[in-house]
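Here is the structure we will look at, set down as structure tokens.
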Amino acid sequence: QVQLVESGGGLVQAGGSLRLSCAAPERTFSSYTLGWFRQAPGKEREFVAAVSANGGPIYYADSVKGRFTISRDNAKNTVYLQMNSLKPEDTAVYYCAPKLNSGSYYDLRAYDNWGQGTQVTVSS
């Protein structure tokens, strides 16, 4: 089972920025919608953003709209999540995955081949 590899997480103060990357080992992933989800301690994994195979349409959770930007570079088999104006409530492990199953772009059951995740911690 092929997994994506997330990177770019870290510790940042509120108001700061981070850029997450998610590398896909196979070019076939360029054919799929790619999504970012996050999971805070004691909470369920939740949708953050998704980008379609050709770069559009793009979807965001209301909680990150206007602050986060998802993009992809199919030539590099990589999807990015630029996170600006970070808040303590953004603290979570961030995961990316391709949308391999039927279902809505915000439904984590539609995604598979999850990576290990990258920790983002925002201090107040």
Worksheet item: List, please: which pairs have Cβ atoms under 8 Å, are six or more places apart or on different chains, and start with a residue in the stretch 102-124 that is at negative phi and of a type in the set (A, V, I, L, M, F, W, C) and end with one that is open to solvent by 70 Å² or more (accessible area, probe 1.4 Å) and part of a helix (DSSP H, G or I)?
Response: Val122/Glu89
Fill in: Residue count, the stretch 21-34 (criterion: at pLDDT 95 or above and farther than 15 Å from Asp73 by Cβ)
0
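Of everything in the stretch 90-111 that's among the charged types (D, E, K, R) and not in a helix (DSSP H, G or I), which residue is modelled with the highest pLDDT? Let's see the steps before the verdict.
We begin by selecting, within the stretch 90-111, every residue among the charged types (D, E, K, R); these are 90, 99, 107, 109.
Next, only the ones that are not in a helix (DSSP H, G or I) stay: 99, 107.
Details: Lys99: 93, Asp107: 96.
So, considering only residues that are among the charged types (D, E, K, R) and not in a helix (DSSP H, G or I), the one modelled with the highest pLDDT is Asp107.
Quick one: count up the residues across the stretch 7-48 that are under 19 Å from Met83 (Cα atoms) and either open to solvent by less than 20 Å² (accessible area, probe 1.4 Å) or outside any strand (DSSP E or B) (or both).
Initial filter on the stretch 7-48 (under 19 Å from Met83 (Cα atoms)): 7-23, 34-40, 45-48.
If we keep only those that are either open to solvent by less than 20 Å² (accessible area, probe 1.4 Å) or outside any strand (DSSP E or B) (or both) as well, we get 8-9, 14-17, 20, 22, 34-38, 40, 45, 48.
Residues meeting the conditions: 16.
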Response to the item:
Of the conditions (1) in contact (Cβ under 8 Å) with a residue 12 or more places away in the chain; (2) part of a loop (DSSP other than H, G, I, E, B); (3) over 16 Å from Tyr111 (Cβ atoms), the single one that Ala53 does not satisfy is (3)
Fill in: Unmet criterion (only one of (1) buried (at least 16 other Cβ atoms within 10 Å of the Cβ); (2) modelled with pLDDT of 95 or more; (3) basic (Lys, Arg)) for Lys87
(1)
Worksheet entry | Verdict on Gln3 being open to solvent by 60 Å² or more (accessible area, probe 1.4 Å), touching a Ser or Thr at 6+ places or on another chain (Cβ under 8 Å) and of a type in the set (S, T, N, Q) | no
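Is it fair to say Tyr80 is open to solvent by 10 Å² or more (accessible area, probe 1.4 Å) and either in a loop (DSSP other than H, G, I, E, B) or without any contact (Cβ under 8 Å) to a residue 40 or more places away in the chain (or both)? Write out each step before concluding.
On the way: open to solvent by 10 Å² or more (accessible area, probe 1.4 Å): yes; either in a loop (DSSP other than H, G, I, E, B) or without any contact (Cβ under 8 Å) to a residue 40 or more places away in the chain (or both): no.
No.
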Worksheet item: Would you call Ser7 under 30 Å from Ser124 (Cβ atoms) and among the hydroxyl-bearing types (Ser, Thr, Tyr)?
Response: yes
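Being open to solvent by less than 20 Å² (accessible area, probe 1.4 Å) and of a type in the set (Gly, Ala, Ser) is the filter; apply it to the stretch 49-65 and report the residue that is nearest to Phe37 (Cα to Cα).
Out of the qualifying residues, it is Ala49.
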Worksheet entry | Candidate set: the stretch 105-121, residues that are hydroxyl-bearing (Ser, Thr, Tyr) and farther than 27 Å from Ala14 by Cβ; chosen: the one least open to solvent (accessible area, probe 1.4 Å) | Tyr111
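The values are calculated or read from the model by the stated rules, or taken from the named source; none is laboratory data. Treat the numbers as computed from the prediction; the structure is a model and nothing was measured. Ideal geometry is used to build each Cβ from the backbone, glycine not excepted, and the neighbour counts take in all protein chains shown. When the accessible area is computed, the model is the full protein with side chains, heavy atoms only, and any ligands, DNA or RNA have been set aside. Shrake-Rupley method; radii C 1.70, N 1.55, O 1.52, S 1.80 Å.
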